[in-house]
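The values are calculated or read from the model by the stated rules, or taken from the named source; none is laboratory data. Quantities reported herein were computed from a predicted structural model and do not represent experimental measurements. Quick reminder, even Gly has a Cβ in these numbers, built from the backbone with ideal geometry, and neighbours come from all protein chains shown.
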Amino acid sequence: MQGAKGDVAFGVGLMVLLMVVTIIYMPIVLPLLLPGVAINPWDIAKSLIVLMLIPLTLGLLFKSHSADSAAHWQPTMNKISSLAMLVLLVVGLGLNISNIISLIGSWGLVALLLFIIGSLLIGMLLGGGNPGVRSVMGLGTAQRNVSAAILVSVQNFSGTSTLPFVLVAAILLLLVLLPAAKRMGAGQPDGIATQTAA
C-alpha cells in the first residue's frame, strides 16, 4: 500500500476487516464450494482464530496501551513476518516443486492471472475518485488473504495439489501487484500515504 502511496490508515482498516470477515466467511463458504470433500468448518475457523486473529488482537492491544513501544518494535516484527513468509514460500516451493512444474502451461495459471488482474481493476473501479483509497481498494481486492489460504491449505488439504497452487498464486500476486503498486505511486505525491479515508 505504501509503495502505491495509498491511504495507509484506510489500508490498515481494510486489512483488519478482511481478516475478521475471512474468519467468519471461509468456514461457512468453503464446505459449500466443496460438497464432496469432508471439511470441518470449526477446524478452519480455529486455525484462523489462533494463528491470525489472536496475534492481531494482541498487537492492536499492545499498540493501544503502548504506542511508543509498538512503534519501536514494528520494524523488527515486520522483518520477522516477511522472513517467515519468505521461508514458508521457499520451503513450500521446494517440497512441492514437481506439482508446481506440472501447473506451468495449464489453464489454471491463466485463470489465476485473469482473476488477479480482474480483481485489481474491479477494486480500483470501486475505490472512487480519491487516488489513495482507489489504490488501496485495488491492491486489497487483488491480494485477497493469501496467508489464510496458505494456512487452510496446509491444515485441511495436505497431500493434494491445493498448497502448490496457492503458493504459485502468492508468487503471481507479487509479480503482478508490486509493479502495479509502483506504477500507482509514480504519479502520486508522497503526502497521500498519510491521509485518512475521511
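If you go through segment 110-133 and keep only what is more than 17 Å from the chain's Cα centre (by Cα) and crowded, with 16+ Cβ neighbours inside 10 Å, you end up with Gly127, Asn130, Pro131, Gly132, Val133.
Only a single criterion out of (1) closer than 13 Å to Ala169 by Cβ; (2) among the hydrophobic types (A, V, I, L, M, F, W, C); (3) modelled with pLDDT of 85 or more is not satisfied by Val146, namely (3). Among residues of segment 158-172 that are closer than 16 Å to Ile117 by Cβ, those with a beta-carbon under 9 Å from a residue that is of a type in the set (Lys, Arg) and not in a helix (DSSP H, G or I) at least six positions away or on a different chain give the pairs Ala169/Arg144. The residue that is modelled with the lowest pLDDT, counting only those in segment 126-143 that are polar (S, T, N, Q) and in a helix (DSSP H, G or I), is Gln143.
No other residue among Trp73, Trp107 is free of Cβ contacts under 8 Å to residues at least 40 places away in the same chain, out of contact with any strand residue (DSSP E or B) (no Cβ under 6 Å at 6 or more places or on another chain) and either surrounded by 12 or more Cβ atoms within 10 Å (Cβ to Cβ) or among the hydroxyl-bearing types (Ser, Thr, Tyr) (or both) apart from Trp73. Taking the criterion of being surrounded by fewer than 17 Cβ atoms within 10 Å (Cβ to Cβ) and under 17 Å from the mean Cα position of the chain (by Cα), the residues of segment 21-44 that qualify are Val21, Ile24, Tyr25. Taken together, the residues in segment 78-104 that are surrounded by fewer than 13 Cβ atoms within 10 Å (Cβ to Cβ) and either in contact with a Phe, Trp or Tyr (Cβ under 7 Å, 6 or more places away or on another chain) or farther than 19 Å from Ala170 by Cβ (or both) amount to 0. One residue stands out among those in segment 153-185 that are loosely packed, with under 15 Cβ neighbours inside 10 Å and assigned to a loop (DSSP other than H, G, I, E, B): the one that is modelled with the highest pLDDT, which is Thr160. From the list Val91, Val50, Val16, the lone residue that is farther than 25 Å from Pro164 by Cα and in a helix (DSSP H, G or I) is Val16. Taken over segment 24-40, the criterion of being in contact with a helix residue (DSSP H, G or I) (Cβ under 9 Å, 6 or more places away or on another chain), closer than 20 Å to Gln143 by Cβ and without any contact (Cβ under 8 Å) to a residue 40 or more places away in the chain is satisfied by Ile24 alone. May I ask you to verify whether Gly59 is outside any helix (DSSP H, G or I), more than 16 Å from Val154 (Cβ to Cβ) and without any contact (Cβ under 8 Å) to a residue 40 or more places away in the chain? No; evaluated as a whole, the condition is false for this residue.
Residues of segment 41-51 that are in contact with a helix residue (DSSP H, G or I) (Cβ under 8 Å, 6 or more places away or on another chain) and either over 16 Å from Ala148 (Cβ atoms) or without any contact (Cβ under 8 Å) to a residue 60 or more places away in the chain (or both): Pro41, Trp42, Ala45, Ile49. Cβ-Cβ contacts under 9 Å between residues 6 or more apart (or on different chains), taken from a first residue in segment 117-133 that is at positive phi to a second residue that is part of a helix (DSSP H, G or I) and not aliphatic (A, V, I, L, M), are listed as Gly128/Arg134.
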